[in-house]
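Here the structure comes first, spelled out in structure tokens, and everything after it is commentary.
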Amino acid sequence: MKTKKVTAVIGTALALALTASACGGSDDGDGDGKKNNGKKAVADAALEAVVNQSTERGGTVTFEHSDVPDSLDPGNTYYGWVQNFSRLYGRSLTSFKPAAGAEGLEIVPDLATSLGKPSADAKTWTYQLRKGVKYDDGSEVTSKDVKYAVERSNFAPEALSNGPTYFKAYLEGGDKYKGPYKDKSPEGIASIETPDDHTIVFKLSKPFADFDYLATFSQTMPVPQAKDKGAEYVKNIVSSGPYKFESYNEGRNAVLVRNPHWDKKTDPVRPALADRIEVKFKVNPTTVDQHLLNDQITVDAAGTGLQTKSQPKVLTKSAEKAKTDNPYAGALTYLAMSTKVAPFDNVECRKAVQYAVDKASVQQALGGDTKGDVASTMLPPTVNGYVKADMYPTEGNKGDEAKAKEHLGKCGQPNGFTTNLSARADRPDEISMATAVKASLERVGIKAEIKTFPSGKYFANFAGNPSYVHEHKLGLMMMAWGADWPTGFGFLDQIVNGSAIKPSGGNNLMELDDPKVNAALGEGIGMTDADERTKKWGEVDKLVMETASAVPLIYRKNLLYRPDSATNVTVTQAYLGMYDYLLIGTDKK
Amino acid sequence: MTTSTKAAKIERLAELTAQNETSSGASLWREAFRRLKTSKMAIIGGVVIAAFIVMAVVGPWVAPHSPKALTWKDEVFLNRGEFVGPRGENWFGLDHLGRDMFSRFLVGARQTLLVGVVSMLIGLIIGAVIGVVSGAAATLGGAAGRRVDTVVMRITDIMLALPSLLLAASIAAVMGQSLTTVMIAVGVVQIPIFARLLRGSMLAQGSKDYVLAAKSLGIRKRRIVVTQILPNSLSPVIVQATLSLATAIIEAAALSYLGLGNPDPSVPEWGVMLSQAQRFFDNAPMMAVYPAVGIIITALGFTLLGEAMREALDPKLRG
């Protein structure tokens, strides 16, 4: 999901993850692995199946998190784990199917009766709401509440500033509407229509065929206007899902109990097994791991896996290793080359870097195959549109000095050159990878000096600020990216589209403004045929690789751990490779 | 160290020269050196410092391997907690990226010494200028001079009141991350110490008969300061410079450890090495031990020599 915020989470914790078995290879645990339909669960079992499947209700599912959420208010969050978690107390128009493997990327109707009905030009989207869906006070959910939820989450940064603003960007007149707290007119934004209590129509200013993905955002979870208190709403969130808040202490913990007005008949998505859900914040990360390994909690809410310190504890014992899953985190670490900084303004010099980088050594520096796979495309394998390809192959991914030198020659720099390589100072894994990149470039005479910057200002002041990049000759920049929604467009638009170049805070670090790439993205997002659209993203990926402006380094992976008591455990690719929090239950009563 | 004890210690050092009524500066040093030669503390300190300096100077030439190349990257597996400890080829083992720790340690010594010496010199030179101005104004400047002295000394008091590492970290944070920043930040912290020390020492000399004699002979004030008072006031400054090297090395390492040092982490430096080792402490504690021991022993060497010099100069400590 979010870029900076989520990648901050990914970056630190994910960066520290490692895993049991080499990429997808499973390892038969000979210990007391949890039974799964009579079979023993093995390492990576939850990648393709639901482990310890159960329909038994009851018990308390416990979450712990080493940090705090940006907000549990569905209209004020960008964190991936909150998107996953908020589905316990809120129902968005659509949601990701709670299922194992690639099926988890499918969108299913949730509050709506079916997926959105687009107009032919993909500019108008209509949803019918289910009847009989009730809030925890017994009143019925209406389409006006969904409209209001979108208005408050996208148009009122003065109160709710954390979430993404895609609706604002795509809705007709989105640039003019001032939000429900400033604009007190009863009709609100005109481009969301609610002809009756169970119909909602979104009118967009440009074609947007990924709209069903936007509808999965927690921002479409209904909020009754009468109960909204802006930034204070988080203290009294009104539930439309199977659980409601019993208590919430900001920065400390929250307790969810069953919502008596939730009706399973209106909700095909949620099994709602547990009677009670507890989540604790600000728990020391080592303690979280310890609690998980001791089966004292059910899930590490962050979903970014065990810390480096804890990993040998599970990887050195086969019985423990059998309880680990090593999913892709939906994120890519890559080396961005500024197309505006010499000599990277010459495609041949960029190609030289593509061949010079020893990706195997980058992987080793990160911590090995269990922390991520060597990447060769921009799209990670768990994002819709991924096509396996390698435009600049080298033997063993170790780089090809001869080819690199050949391209250096064509670039007019046969003896190499000097440049700068930026990385985030507070991300030790990123620095390790930058060190490996630097070492491999040196082999062909490219001398890169590493410059480190604080991650909080990396995009605003440094790598994401073109004038700084040009002035200080930041030719090479370390970058990590996870999609806001798992499609090629959700992943690529912000990092390769010319329109994403901003004077500050942008994520198109290469300053890539390639007409073919821009056109293909625009064309793809207008296609209402899902298969055609998905195919298009693979083409965009290829076009970007042709510009040679980014070296894909690592598809990141996490090492997750499932305690014995956890039931119904499966990894969802829709939420950065976390466990699916809707499914999870416990056999501890 | 609290402010009052820090200031008191400086005052005490400043008085050293004044206490020796009979001997001139030169003979004081001769006697002090005689005592130094018999001090075990001084000998140990001297040997440690000599070894450190030799290492810093020749290290990069004698280092057996490249300190930056990831030569043995295929032998370290972070994810399984598998590190490579000391062995014939790599005396201190490998770090987390498969680099030779011994070579990094040797090369890192030079950075550490460079930062220590440069920042001490920054503090010494600027501090000495301020101290001379303030001391001269106080002893020979009359009422106006005393006011100048008061203002200057209150400013140094304020600087002394701030915890030194906090002050250095604040300066480094404002100036941005670089090796120069670290040198300046650590140097600035030393300024008030040298200023106060030299000023105190000059005040003690100012009431001496030879100064009075020079005054009554009609020698110009500037000349009295430069040729009479200053040479006789320098010995505590030299002692302090030695002690300051120890704190400068520790503080520079601390700033590097906090990530305020050289922005290129592939350049070996003991503070950076310590900081990088921290993440792997559970599985590879030795990665942290080498740079930590390096910093401790070097700082100890300078402290031992400095303290021995102080004792040698201080008649009250004579056995």
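Assorted remarks:
- For a label point 7 Å along the Cα-to-beta-carbon line of B:LYS221, residues of segment B:143-183 with backbone N under 14 Å: B:143-150
- Excluding same-chain neighbours fewer than eight residues apart, the lysines reachable from A:LYS176 by a Cα-Cα span under 17 Å are A:LYS147, A:LYS168, A:LYS184, A:LYS203, A:LYS206.
- Shown here for segment A:242-297: GluC sites (Glu not before Pro) in loop regions (DSSP other than H, G, I, E, B) with at most 14 other Cβ atoms within 10 Å, namely A:GLU250.
- Our coupling estimate for segment B:169-185, obtained by passing each phi through the Karplus curve with A = 6.51, B = -1.76, C = 1.60 and θ = phi - 60°, is 5, 5, 4, 4, 5, 5, 7, x, 7, 6, 5, 4, 4, 4, 4, 5, 4 Hz, Gly and Pro reported as x.
- Cut-off under 5 Å, modelled amide H: who pairs with A:GLU449 long-range: A:THR419, A:ASN420, A:LEU421
- For the protein assembly as shown, calculated [θ]222 nm from helices alone, where every DSSP H run of n ≥ 4 adds -39500 (n - 2.57): -13000 deg cm²/dmol
- Solvent-accessible area per residue for chain A (1.4 angstrom probe, square angstrom): 34
- Whether segment A:328-557 is rounded, prolate or oblate, judged on the alpha carbon gyration tensor where a/c under 1.5 counts as rounded: rounded
- Sequence-ordered 3J(HN,Hα) estimates for segment A:280-292 from the Karplus curve with 6.51, -1.76 and 1.60 and θ = phi - 60° stand at 10, 9, 6, 8, 3, x, 5, 5, 4, 4, 4, 4, 5 Hz, glycine and proline given as x.
- Length-normalised contact order for segment A:328-557 - Cα pairs under 8 Å, 6+ apart - percent: 34
- Heavy-atom accessible surface of the protein assembly as shown: percent carbon and sulfur, 1.4 Å: 57
- Number of partner chain Cβ atoms within 10 Å, mean per residue of B:76-85: 6
- With 0.36 nm allotted per residue and the present C-alpha distance subtracted, the A:ALA120-A:LYS184 stretch has 19.7 nm of extension available.
- The trypsin sites (Lys or Arg not before Pro) of segment B:219-319 that meet both conditions, a loop assignment by DSSP and at most 15 other Cβ atoms within 10 Å of the site Cβ, are B:ARG220, B:ARG318.
- Theoretical gain in end-to-end length, A:ASP175 to A:LYS473 [0.36 nm per residue, Cα-Cα removed]: 103.8 nm
- In order through segment A:579-589: 3J(HN,Hα) via Karplus (6.51 cos²θ - 1.76 cosθ + 1.60), integer Hz, x for Gly, Pro: 6, 7, 6, 6, 8, 4, x, 9, 9, 7, 9
- Accessible area that becomes buried as A packs against B, both chains, 1.4 Å probe, Å², nearest 100: 2000
- Relative contact order %, chain A, counting alpha carbon pairs below 8 Å whose residues are six or more apart: 24
- Close amide H partners of A:GLU246, meaning residues 5 or more places away or on another chain with modelled amide H under 5 Å apart, are A:VAL255, A:LEU256, A:VAL257.
- Loop-located trypsin sites (Lys or Arg not before Pro) in segment A:52-136 (DSSP state other than H, G, I, E, B) with a sparse environment of at most 16 neighbouring Cβ atoms within 10 Å: A:ARG57, A:LYS131.
- Long pairs among A:LYS235/A:LYS280; A:LYS134/A:LYS182; A:LYS473/A:LYS502; B:LYS6/B:LYS40; A:LYS359/A:LYS557; A:LYS457/B:LYS73, criterion Cα-Cα beyond 21 Å: A:LYS134/A:LYS182; B:LYS6/B:LYS40; A:LYS457/B:LYS73
- Summing +1 for each Lys or Arg and -1 for each Asp or Glu among the other residues whose beta-carbon sits under 9 angstrom from that of A:PHE489 gives 0.
- Antiparallel content of DSSP bridges confined to chain A, in %, to 5: 75
- Placing +1 on the Cβ of every Lys and Arg and -1 on the Cβ of every Asp and Glu, with nothing else charged, gives the protein assembly as shown a dipole about its Cα centre of roughly 3480 debye.
- Amide H within-cut-off set for A:THR199, under 5 Å, with H built and near neighbours excluded: A:LEU129, A:SER143
The values are calculated or read from the model by the stated rules, or taken from the named source; none is laboratory data. All figures in this text were calculated on a predicted structure; none of them were measured in a lab. Ideal geometry is used to build each Cβ from the backbone, glycine not excepted, and the neighbour counts take in all protein chains shown. Ligands, DNA and RNA are stripped out before the accessible areas are found, and what is left, the full protein with its side chains, is counted by its heavy atoms. Shrake-Rupley method; radii C 1.70, N 1.55, O 1.52, S 1.80 Å.
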